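This report refers to the structure that appears directly beneath it.
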Amino acid sequence: MKKNKIFFYFFFLLFLAGLILAGISQGPALGRFMLESILRKNQNIQPFFKDSIRIKKISMDRHLKIRFDGITGAFQARQGPVPLEIKSVESQDSLLSLLKNKPVRFLFRGARPQGSAHAGLSGHFSFLAGRFWRFDLLADFTETDLEDFRWLAPQDLSGATGAVKGRLMFVQEANHEPVFDMNLEAPQPGGLVQARFFNLFLPYLPKSVQKERVVKLISQKDQLVRYQDAALQVGLSQSDRMKILLRILVLDYNLKLTLNVEIRLDQKNAFSQIAQFMGMIEVKTS
């Protein structure tokens, strides 16, 4: 990177930190307005939330550690906007670390659909600015339930229940391929899921007694079916390939189903395509 670009990023970060500090010092309302405007115009955030992000409260201590409370936004899901919230996000390091070429670590709590009865996702992420920038995210699903994710596929997941455990990890850094790995499970006693959900397995099953049982199960249409446990693994096996492994046990129909598929992605837009495949968003990639 040329020296003039390095100086540009340095002074931009300094200017950004100054804006936030100035806004907070002039009053919480102005600080919130300035940061919300920055987030809404961010090209990486815009496809997911458009102009909907709002922050209830921003505070900063004398060590320049910042905290956000009551973050809300309308996630642009495939079937329409979904109101989401994060209870709090707080930095573990001073924002000045960005200017010292050091990462700033953040903790977050209560990421969930608005109105959820569950505590939601928690975890941490960090950001390193500059030429060799890096972003790391680790999310914990321990305090979530399958009903919190019905919005991903309303037709198939309507009425779905079951405690969810596991984690999601995402890493992206300059000049490197993205790393994405998600391991989730809905352990015993399991929960309920729509009979139509099992249409997902049908094309991948050879002609067999098991396939006949799946056809019979699907014929129940909108009926809810009890499963005993389930597991989902999603990861980037290569920069342009995503592997998905889904397992579910349905004792009432004597079914133990496994779906193992690999999907090719555009390497330049891998993360957006993962989100689209999971039903999360409907965005244009280029």
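Worth pointing out:
- Among the residues listed as Leu84, Leu107, Leu137, Leu98, the single one being modelled with pLDDT of 95 or more and either in a strand (DSSP E or B) or crowded, with 19+ Cβ neighbours inside 10 Å (or both): Leu107
- Sole residue being under 21 Å from Leu255 (Cα atoms), touching a helix residue (DSSP H, G or I) at 6+ places or on another chain (Cβ under 8 Å), at pLDDT 90 or above and open to solvent by 50 Å² or more (accessible area, probe 1.4 Å), chosen from Val215, Val164: Val215
- Any hit, region 147-161, residues being more than 30 Å from Asn254 (Cα to Cα), open to solvent by 40 Å² or more (accessible area, probe 1.4 Å) and under 16 Å from the mean Cα position of the chain (by Cα): no
- Taken together, the residues in region 193-227 that are in contact with a Gly (Cβ under 9 Å, 6 or more places away or on another chain) and closer than 15 Å to Arg247 by Cα amount to 3.
- Qualifying residues in region 218-241 (those that are among the basic types (Lys, Arg) and not in a loop (DSSP other than H, G, I, E, B)) - the one most open to solvent (accessible area, probe 1.4 Å): Arg226
- Filtered residue count, region 242-257, keeping only those that are open to solvent by 70 Å² or more (accessible area, probe 1.4 Å) and part of a strand (DSSP E or B): 3
- Residue in region 223-243 that is nearest to Met169 (Cα to Cα), counting only those that are of a type in the set (S, T, N, Q) and in contact with a strand residue (DSSP E or B) (Cβ under 9 Å, 6 or more places away or on another chain): Gln233
- Comparison of Ile20, Ile66, Ile71, Ile53 shows that the only residue that is modelled with pLDDT of 50 or more, within 22 Å of Asn101 (Cα to Cα) and open to solvent by less than 40 Å² (accessible area, probe 1.4 Å) is Ile66.
- Lone unmet requirement of (1) in a strand (DSSP E or B); (2) within 22 Å of Leu138 (Cβ to Cβ) for His176: (1)
- Of all residues in region 110-121, those that are open to solvent by less than 40 Å² (accessible area, probe 1.4 Å) and not in a loop (DSSP other than H, G, I, E, B) total 4.
- Test: Glu177 is touching a Ser or Thr at 6+ places or on another chain (Cβ under 7 Å), open to solvent by 40 Å² or more (accessible area, probe 1.4 Å) and of a type outside the set (S, T, N, Q): yes
The values are calculated or read from the model by the stated rules, or taken from the named source; none is laboratory data. Here the structure is a predicted model, which means the values were calculated and not measured. Here Cβ is always computed from backbone atoms with ideal geometry, including for glycine, and neighbour counts include all displayed protein chains. In case anyone asks, the SASA skips ligands and DNA or RNA and just uses the protein heavy atoms, side chains included. Shrake-Rupley method; radii C 1.70, N 1.55, O 1.52, S 1.80 Å.
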